[in-house]
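One structure is given below, encoded as structure tokens.
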Amino acid sequence: MFEVALSSLWSRRGSVMLTLASLTISMAIVIGVEHVRAQAENSFVRTVSGVDLLVGARTSQVNLLLYSVFRIGNATNNIRWQSYENITARQGISWSIPFSLGDSHRGYRVLGTNTDYFEYFRYGDEQPLRLATGAPFENPLQAVLGSEVATALVYSVGDEIVLSHGIGNTSFVNHENLPFTVSGILAPTGTPVDRTIHVTLQGVEAIHLGWQNGVQVAALSPDADDPRLAALQPTQITAILLGLDTPMAVFGLQRAINNYPSEPLTAILPAVALGELWQIIGTLENLLQVISLLVLTASLLGLSTMLLSSLRERRRELALYRAIGAHPSFIVWLIELEGIAMVATASLLGYFVVVLGFSLTQDWLSESYALVVDIWPSSTGIWIYIAGALLASALLTLIPALIAYSRSLGHSLLSS
């Protein structure tokens, strides 16, 4: 029966090829959308891990997560350095990482922090940051670049960069008096770390020293060995990452920080905030899935229509099957097999179209959107969609199959 089905399809290869092309494109869209969704969710969740609390100025937990972790938007306010010292001095805190945001370099965000960042920051499955070349900063005027920054701007260890005030692609306030020297470049992580320039808190404080009304009236020497640089004390920061000795203490500390008397602060659990943010993004995700399914449904209906319209030209063929003794049910299974074979072939071709597409765009997606995508789709949702497409093809093909069955009951070789 399989050989008969293939021969029959080959005899109508013009319309079959067009229908197969439509099905292949539809399956590639469905598989591609589902693969990107699964990979984006995985990349989204792996952005930061091992952090018990994220602390910032009073705001919503989604906004705090966006500007501190994803480098999207601006902080509503800053945290006084004294508050940072008071909070991190509490019993039960294992480690802390201060963040200072607000500057940029050629469109890339600058993050002021300390060496604890390289020791305690984790992403993915508790993976530590790793330097591809160079070393962490050792003096106030050194910088460590994310992999995307170094690649896009063609920087290497030893190059000098000038930071700019603000986060726009174009800034009219450049801190040219204190250039930073690249001391290291981080290995790719597939997270916003790749698009970040990391400098010292003292360096951030130094470039903002002496500014009044947008004009710098006093400045430190660009000499990295100047003891005044190392002695600089931050006055404020943007956010704090906290790791606790025991997870049991997280809610008590969160409540204490949210009720902090000296200034309004917000402490959030990153995992909870990530879940809330993903629910918001999920609306767009669901819309894309609906569109891809509608495209697939249209193609499956086209398959059913093609098989239905071919019944008239196949009247003699079907009558011949009956004349040589084929049961009417043979006609049903033949048409069913043709439809399922076309969808199975389209699924296989669509899968390899997606593989080819991602193999060609993998580096571009990583560099432009920090989205690390595996070349070979393997999520459970993809196999569910393929199985659903095969089941739907069997059901829709049943329409022309049953019509052919009813006609075959009275077929004769001489019918026209």
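The values are calculated or read from the model by the stated rules, or taken from the named source; none is laboratory data. All values reported here derive from a predicted model rather than from experimental measurement. Using ideal geometry, Cβ is built from the backbone for each residue, glycine included, and neighbour counts are taken over all protein chains shown.
Can we say Leu318 is touching a Lys or Arg at 6+ places or on another chain (Cβ under 9 Å) and either crowded, with 16+ Cβ neighbours inside 10 Å or outside the structural domain of Ile375 (by TED's automatic domain parsing) (or both)? Here the answer is yes, as Leu318 does meet what is asked.
Just checking, does region 352-369 include any residue being modelled with pLDDT of 85 or more, surrounded by fewer than 21 Cβ atoms within 10 Å (Cβ to Cβ) and either closer than 18 Å to Arg314 by Cα or touching a His at 6+ places or on another chain (Cβ under 7 Å) (or both)?
Scanning region 352-369 turns up no residue that is modelled with pLDDT of 85 or more, surrounded by fewer than 21 Cβ atoms within 10 Å (Cβ to Cβ) and either closer than 18 Å to Arg314 by Cα or touching a His at 6+ places or on another chain (Cβ under 7 Å) (or both).
Scanning region 234-259 for residues that are modelled with pLDDT of 95 or more and hydroxyl-bearing (Ser, Thr, Tyr) turns up just one, Thr238. When region 399-415 is filtered for residues that are surrounded by 11 or more Cβ atoms within 10 Å (Cβ to Cβ), part of a loop (DSSP other than H, G, I, E, B) and at pLDDT 50 or above, only His411 remains.
Is it true that some residue in region 45-55 is within 30 Å of Trp376 (Cβ to Cβ), in contact with an Asp or Glu (Cβ under 9 Å, 6 or more places away or on another chain) and of a type outside the set (Gly, Ala, Ser)?
Let us first name the residues in region 45-55 that are within 30 Å of Trp376 (Cβ to Cβ), namely 45-50.
Going one step further and asking which of them are in contact with an Asp or Glu (Cβ under 9 Å, 6 or more places away or on another chain), we end up with 46, 49-50.
Filter again for of a type outside the set (Gly, Ala, Ser), leaving 46.
There is at least one residue in region 45-55 that is within 30 Å of Trp376 (Cβ to Cβ), in contact with an Asp or Glu (Cβ under 9 Å, 6 or more places away or on another chain) and of a type outside the set (Gly, Ala, Ser).
The sole residue among Ser96, Ser15, Ser100 that is of a type in the set (S, T, N, Q), within 30 Å of Ser304 (Cα to Cα), touching a residue at least 12 places away in the same chain (Cβ under 8 Å) and touching a helix residue (DSSP H, G or I) at 6+ places or on another chain (Cβ under 8 Å) is Ser15. Residue count for region 172-199, restricted to those that are farther than 23 Å from Trp364 by Cα and either of a type in the set (A, V, I, L, M, F, W, C) or without any contact (Cβ under 8 Å) to a residue 12 or more places away in the chain (or both): 6.
Any residue in region 71-89 that is under 17 Å from Gly146 (Cα atoms), at pLDDT below 95 and out of contact with any His (no Cβ under 9 Å at 6 or more places or on another chain)? Talk me through it step by step, then tell me what you get.
Just the residues of region 71-89 that are under 17 Å from Gly146 (Cα atoms), to begin with: 71-72.
Restricting the remaining residues to those that are at pLDDT below 95 gives 71-72.
Okay, now just the ones that are also out of contact with any His (no Cβ under 9 Å at 6 or more places or on another chain), so 71-72.
Yes; the residues of region 71-89 include at least one that is under 17 Å from Gly146 (Cα atoms), at pLDDT below 95 and out of contact with any His (no Cβ under 9 Å at 6 or more places or on another chain).
Examine region 159-182 for a residue that is closer than 30 Å to Val45 by Cα, aromatic (Phe, Trp, Tyr) and in contact with a strand residue (DSSP E or B) (Cβ under 7 Å, 6 or more places away or on another chain), and state whether such a residue exists. Within region 159-182 (the criterion being closer than 30 Å to Val45 by Cα, aromatic (Phe, Trp, Tyr) and in contact with a strand residue (DSSP E or B) (Cβ under 7 Å, 6 or more places away or on another chain)), the answer is no, since none of the residues qualifies.
Tell me which residues, restricted to region 36-48, are touching a residue at least 40 places away in the same chain (Cβ under 8 Å) and either surrounded by fewer than 17 Cβ atoms within 10 Å (Cβ to Cβ) or of a type outside the set (S, T, N, Q) (or both).
Our first condition is that a residue be touching a residue at least 40 places away in the same chain (Cβ under 8 Å); within region 36-48, this holds for 36-41, 43-48.
Of everything in region 36-48, those that are touching a residue at least 40 places away in the same chain (Cβ under 8 Å) and either surrounded by fewer than 17 Cβ atoms within 10 Å (Cβ to Cβ) or of a type outside the set (S, T, N, Q) (or both) turn out to be Val36, Arg37, Ala38, Ala40, Glu41, Phe44, Val45, Arg46, Val48.
Of the listed requirements (1) free of Cβ contacts under 8 Å to residues at least 60 places away in the same chain; (2) surrounded by 21 or more Cβ atoms within 10 Å (Cβ to Cβ), Val69 misses just one: (1). Scanning region 113-146 for residues that are closer than 19 Å to Leu53 by Cα and outside any loop (DSSP other than H, G, I, E, B) turns up Thr113, Asp116, Tyr117, Phe118, Glu119, Tyr120, Arg122, Tyr123, Gln127, Pro128. Looking at region 178-195, is at least one residue at positive phi, assigned by TED's automatic domain parsing to the domain that holds Asp116 and either part of a loop (DSSP other than H, G, I, E, B) or at pLDDT below 90 (or both)? Yes, that holds for at least one residue.
The set of residues from region 153-177 being modelled with pLDDT of 80 or more and among the β-branched types (Val, Ile, Thr) comprises Val154, Val157, Ile161, Val162.
Residues are listed down the side, and each one gets a yes or a no for (1) assigned to a helix (DSSP H, G or I); (2) of a type in the set (A, V, I, L, M, F, W, C); (3) over 29 Å from Gly112 (Cβ atoms):
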| site | (1), (2), (3) |
| --- | --- |
| Leu229 | yes, yes, no |
| Gln233 | no, no, no |
| Leu307 | yes, yes, yes |
| Glu313 | no, no, yes |
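Please name all residue pairs, on different chains or six or more residues apart, with Cβ atoms under 7 Å, provided the first residue is in region 135-164 and is closer than 22 Å to Thr191 by Cα and the second residue is charged (D, E, K, R) and in a loop (DSSP other than H, G, I, E, B). Final answer for the pair search is Leu153/Arg106. Out of all the residues in region 91-111, is one or more part of a helix (DSSP H, G or I), over 25 Å from Leu163 (Cβ atoms) and either of a type in the set (D, E, K, R) or in contact with a strand residue (DSSP E or B) (Cβ under 7 Å, 6 or more places away or on another chain) (or both)? No, region 91-111 contains no residue that is part of a helix (DSSP H, G or I), over 25 Å from Leu163 (Cβ atoms) and either of a type in the set (D, E, K, R) or in contact with a strand residue (DSSP E or B) (Cβ under 7 Å, 6 or more places away or on another chain) (or both). Residues that are without any contact (Cβ under 8 Å) to a residue 12 or more places away in the chain, in the same structural domain as Ser68 (by TED's automatic domain parsing) and assigned to a helix (DSSP H, G or I) occur at least once in region 258-266. Inspection of region 292-312 identifies no residue that is basic (Lys, Arg) and surrounded by 17 or more Cβ atoms within 10 Å (Cβ to Cβ).
The residue that is surrounded by the most Cβ atoms within 10 Å (Cβ to Cβ), among those in region 92-139 that are β-branched (Val, Ile, Thr) and closer than 12 Å to Leu201 by Cα, is Val110. Within region 377-392, not a single residue is modelled with pLDDT under 85, within 32 Å of the chain's Cα centre (by Cα), part of a loop (DSSP other than H, G, I, E, B) and within 30 Å of Arg37 (Cα to Cα).
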